[in-house]
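Working notes for the structure below.
The values are calculated or read from the model by the stated rules, or taken from the named source; none is laboratory data. Keep in mind that this is a model prediction, so the values were computed, not measured. Positions of Cβ are backbone-derived with ideal geometry, glycine not excepted, and every protein chain shown enters the neighbour counts. Keep in mind that these areas ignore ligands, DNA and RNA; they rest on the heavy atoms of the full protein, side chains included. Shrake-Rupley method; radii C 1.70, N 1.55, O 1.52, S 1.80 Å.
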Amino acid sequence: MRPRGPPLRACGIALLLVTAGCLGAPGGRTDGHAATSPGTEPGGSATAGADGEHTELPGTSIDWPDGPKERPERPPTLNESSVGSFARTYEYRFVYNSLWYDETSEVSAECELDAVDRRGDAWRAVVTCTAYSNTGGESAGDGTATATSTVLHADWFTQTYVYWIDGESVHRERAEG
């Protein structure tokens with residue numbers, strides 16, 4: 001007789017992966033990041049407004065998820081091309097790591113850059129990604145999973161995020177609508 005612990009744990013992990021980002025506190029953010037007031041966020045940055053006063057970048061600084069992909073380096077020169085490429089790469093790696101569980105994870109992600117524009121001293125880039133992962137399963141020796149394997153599947157349904165990038169920081173927020 002086989003113990004029930006590992007399959008139950010696997011189902012629990014699958015449920016957590018599938019519902020990630022769907023749960024939130026009443027009135028709270030639903031993108032997995034806590035809302036903060038201006039000036040209270042570590043690593044927050046200011047950008048000059050039209051009247052020369054400094055204002056906080058929208059969104060929140062990003063906690064990097066564990067996984068095999070490293071956070072990309074911010075480009076030394078910020079322009080439309082470098083910001084667009086950076087934001088797309090950043091979101092791809094963020095999504096990949098968010099769906100990656102362990103060495104048996106097979107993650108598939110597609111990301112597109114939707115827009116880039118300059119807002120004051122900061123750049124705004126919009127990126128949309130769709131992704132999924134399959135984790136686990138017993139290998140048949142040829143790298144494929146066997147019919148009796150337990151495979152956890154997780155979806156990253158199409159989601160759009162706005163990146164705010166300036167000389168010191170990168171912020172991310174879920175796109176509205």
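A compact table of results
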| read-out | value |
| --- | --- |
| Accessible area, probe 1.4 Å, largest first, for residues His171, His153 | His153, His171 |
| Peptides 159-169, 66-76 ordered by average Cβ neighbours within 10 Å, highest first | 159-169, 66-76 |
| Extension reserve of the Asp155-Arg74 stretch, reckoned as 0.36 nm per residue once the Cα distance is removed | 26.4 nm |
| Solvent-accessible area of Val107 with every protein chain in place, 1.4 Å probe, in Å² to the nearest 10 | 30 Å² |
| Counted charge near Arg119, where neighbours are those whose Cβ lies closer than 14 Å (Asp, Glu -1; Lys, Arg +1) | -4 |
